[in-house]
Structures are given as C-alpha cells and as structure tokens.
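*Asks:* Below is a structure I'd like to ask you about.
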Amino acid sequence: MILVTGFEPFGAHTVNPSEGLAKAMDGRRFGACETRGAVLPVHHADATTRLAALLTETDPVAVVHLGLAAGRARVALERVAVNVMDYDEPDCTGFQASGEPIAPGGPAAYFATLPLVAILKALTAEGIPAYISNTAGTYLCNQTLYTTLHAVRHEPDPPRVGFIHVPLLPAMVAATGLEQPSMDLPLMLRAVEIALGVVASGAVLGQGGTPARWNEKGHA
Ligand code: PCA
C-alpha cells in the first residue's frame, strides 16, 4: 500500500489542487502497490492525529504527501523537513506558530526517503517541469513531512516518505490576476502518476504478492 495525502484549501485559496490529486489516487494500483488517497486538514493538531491514524490503518511501504505551494513554477520534490513551525499565516483554526519545534527534542531535520533523483529523471524525461527543492517551508506541509518521518524513525522497515509540492492551478492565477506561475491539473496528475510508478517499482513483494518492504537496491 502506498499512502498518498493532499490538503484541504487554506488561507485565501478556495481550492487546493493537492486535494483533488489525492482523491484521484484513492484505490489505484501502481505495479504491485495499491494506493490509498486521503485529505488532511490544514490544522496543526488535527493533521497530526489524522496522519497517525492513516499510518496505522494503511501500514504503507511508502508515503507520498502532496501540497500546494503558490509561487513555485515546477513540481517540487522536497528533500528536507525541518523541526520548525513558523507560519506566515494562521492555520485553519487561527493558530499561528512562530518558531516552535514540531517535536520538542527531535532532530533539527530529516531528509525525505523517497528516490527523489529517480523521480526527477522520470518526470523530466516525460517533459514535466520538476526539481528537487531544499525547503518545504515552515507551514503545514513541512510539518507533515517531518511528522511522518519522525513517526516511522524507529520502525525496523520504515516506509519511504516524501513530499511533493505542486504550483497554483491556472484558474487560481486567473482569479487573482497576480503574476504567478501555474500548472494545469492533468499535468499535475500525470506527474503524480509517474512519481508513484517510480515509488512502486522500489517495493519488494512479500508472501502473497503484496508489497512488503522497500527494495534498497531498486534505486540508486
Ligand atoms: N500547502 C501548505 C499547507 C497545505 C498546502 O497544501 C504548505 O505548503 O505548507
């Protein structure tokens, strides 16, 4: 099972493309892996609770979080999550963090464990603009990536975990009239499918043909 999450709309955004992408990935199959799509609230505490429940429920071989990053021109494969909550705008409950740790006493940062280079190569080979980003920000997306990597840190066979940020949709830019980059949903959808194909190819089959764990040799 690969767990794919998106986020609800937040702030001034009335839609969040990551929500539709996650829903579209629910019940799909990539290689030997089934996918479960779920939508997280943009709420500092509820997102964490929901995430913990999803991890227990799905026991995934990989977790691919998706989120919106206004201003990005390309699909962003996030490399790192930092142990900081520092919000430019409040979350959906009005909570505004200003420099607090996500996990008090936890490591300063974690690296994503998805095969980012392989995903990047696959995306760009298909003509999809993408890059490896060195910051997921300090809002809910960073927090989610950190929380998942922190949650699985002691597992003997932890799932591979990563975060993909997508740009604004064209209609979102049209509505604001601001000079912002955008990407249409079908292209984002293809990007997620390609990424999941790469991720699924790293899963090793256990008994009964279900993906049991990650094949370390599957990706450089
Ligand atoms: N993007 C925000 C939170 C939810 C989302 O889709 C972020 O980049 O932190």
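*Asks:* Please report, in debye to the nearest 20, how large the charge dipole of the chain is about its Cα centre when each Lys and Arg carries +1 at its beta carbon and each Asp and Glu carries -1 there.
*Replies:* Values: 14 positive and 20 negative charges, 141 e Å.
Dipole size: approximately 680 debye.
*Asks:* Same structure, new question: Which ordering of MET1, MET183 is given by a fewest-first count of other beta-carbon atoms within 10 Å? Spell out each step's value before the answer.
*Replies:* Details: MET1 17, MET183 21.
Neighbour counts put them in this order, fewest first: MET1, MET183.
*Asks:* Now for a separate question. Under 19 Å from the 7 Å Cα→Cβ point of ASP86, by amide nitrogen: which residues of the stretch 99-142?
*Replies:* Residues 99-111, 133-142 qualify, since their backbone N sits under 19 Å from the label point.
*Asks:* What is the gain in length, in nm to one decimal, between VAL15 and PHE95 on full extension, counting 0.36 nm per residue of separation less the C-alpha to C-alpha distance?
*Replies:* 26.8 nm
*Asks:* Which residue, VAL42, ALA118, ALA53, has the largest displacement toward the positive end of the dipole of the chain when charges sit on each Cβ (Lys, Arg +1; Asp, Glu -1)?
*Replies:* Result: ALA118.
*Asks:* Let me ask something else. Specify the residue with the greatest mean-square fluctuation among GLU193, GLU34, GLU100, computed from a Gaussian network of the chain linking alpha-carbon atoms under 10 Å apart.
*Replies:* GLU100
*Asks:* Anything in the chain that counts as a DSSP H helix reaching 20 Å or more along its axis (C-alpha) with Kyte-Doolittle mean of at least 1.0? List them, would you? Present the calculation step by step, with values, prior to reporting the outcome.
*Replies:* Working: long enough: 185-200 (22 Å, 1.85).
Passing helices, by number: 185-200.
*Asks:* Build a GNM of the chain with springs between Cα atoms under 10 Å: which of ALA81, ALA175, ALA130 gets the top mean-square fluctuation?
*Replies:* Comparing ALA81, ALA175, ALA130 in a Gaussian network model of the chain, the most mobile one is ALA175.
*Asks:* Tell me the mean residue ellipticity at 222 nm calculated for the chain from its helices only (DSSP H runs of n ≥ 4, each -39500 (n - 2.57), averaged over every residue, nearest 500).
*Replies:* -9000 deg cm²/dmol
*Asks:* Then there's this: Over the chain, what relative contact order in percent results from Cα pairs under 8 Å that are six or more residues apart?
*Replies:* 26 percent.
*Asks:* What is the antiparallel percent of DSSP beta bridges lying wholly in the chain, to the nearest 5?
*Replies:* 35 percent
*Asks:* On to the next question. Simple spin-label model, 7 Å along Cα-to-Cβ: ALA174 to ALA53 in nm?
*Replies:* 3.6 nm
*Asks:* Give the shape of the stretch 1-160 as rounded, prolate or oblate, defined through the alpha-carbon gyration tensor: a ≥ b ≥ c are the square roots of its eigenvalues, a/c under 1.5 means rounded, and otherwise the shape is prolate if a/b is larger than b/c and oblate if not.
*Replies:* Judged from the Cα gyration tensor, the stretch 1-160 comes out rounded (a/c under 1.5).
*Asks:* What FRET efficiency do you get for THR135 and LYS23 if R0 is 25 Å and r is their Cβ-Cβ distance, rounded to the nearest 0.05?
*Replies:* In this case the efficiency is close to 0.40.
*Asks:* Right, next: Taking springs between alpha-carbon atoms closer than 10 angstrom, which of GLY71, GLY105, GLY31 fluctuates most in the Gaussian network model of the chain?
*Replies:* Residue with maximal mean-square fluctuation among GLY71, GLY105, GLY31: GLY105.
Throughout, read-outs are computed from the coordinates displayed, never taken from laboratory work. On a predicted model such as this, the values are computed, not experimentally measured, just so you know. We place every Cβ from the backbone using ideal geometry, glycine too, and count neighbours over all the protein chains shown.
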